[in-house]
Amino acid sequence: MAGRHITRNGLRRAAQGLFRQAMARHTRSNDWGFPRWRGYTAGREAQPVRLCDRHGCEAPGDRPAPKSPNSPDRWYFCETHAAEYNKGWNYFEGLNEEEAKAREADERRTANGYAASASNAWAGSGDGSRSRDEMRALDVLECDPDADFDTIRLAWRKLAKVYHPDVRPGDAEAAKQFHAIQAAYDVLRVAEERRSWKPA
């Protein structure tokens, strides 16, 4: 009976020891205390670092550079060697003058959608809050690029009185100018309504 009791106690102690070993941390965490001793995204394992592709350079190569035009292959340089490589980079290398001009014209032709994008539409003087159409409308109404809407309305009324068909009957040039003034005012009015609109 006594032998059995010792064995049961021994088993209990052995099981407790195994449980403690399984639950114990083998190393102290680097996350204890505040502030943390490592970054939130850092891992415990060493991260592989790609070295600069320039022979003999030991710096990290984290700046991709194309090996040749229209090629997906890349060199990976450090910042210093990437700057050096970019200074000598010639996109038209291997092309004669005519081929280079043809490629440049083709590239510009296929990228013309970016020129008219909404973010670049104002592309002129002013503070960048007006579109190119609004800037043209301001020119028609003879207003400054930063004119407020009250000034625009006054300029529209003044010019409309000068070029109105009732004031100048039979004058085709005045009628054309009047239509341009009306169109310019409509562009600016719609833009102002869009800017000042607030949800109900």
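Taking other residues whose beta carbon is less than 12 angstrom from the beta carbon of residue 65, and scoring Lys, Arg as +1 and Asp, Glu as -1, yields 0. Just how far, in whole angstrom, is the stretch 149-188 from the stretch 75-102 if you go by their alpha carbon centroids? After rounding, the separation between the Cα centres reads 53 Å. Close amide H pairs (under 5 Å, H built 1.01 Å from N) link residue 51 with 61, residues at least 5 positions away or on another chain. A crude spin-label estimate for the pair residue 173 and residue 51, with each label 7 Å from Cα along the Cβ direction, gives 7.8 nm.
Read-outs: derived from the displayed coordinates by stated rules, not from any lab. Predicted model, so just to flag it, every value in this text is computed and none were measured. Neighbour counts run over all protein chains shown; Cβ positions are idealised from the backbone, glycine included.
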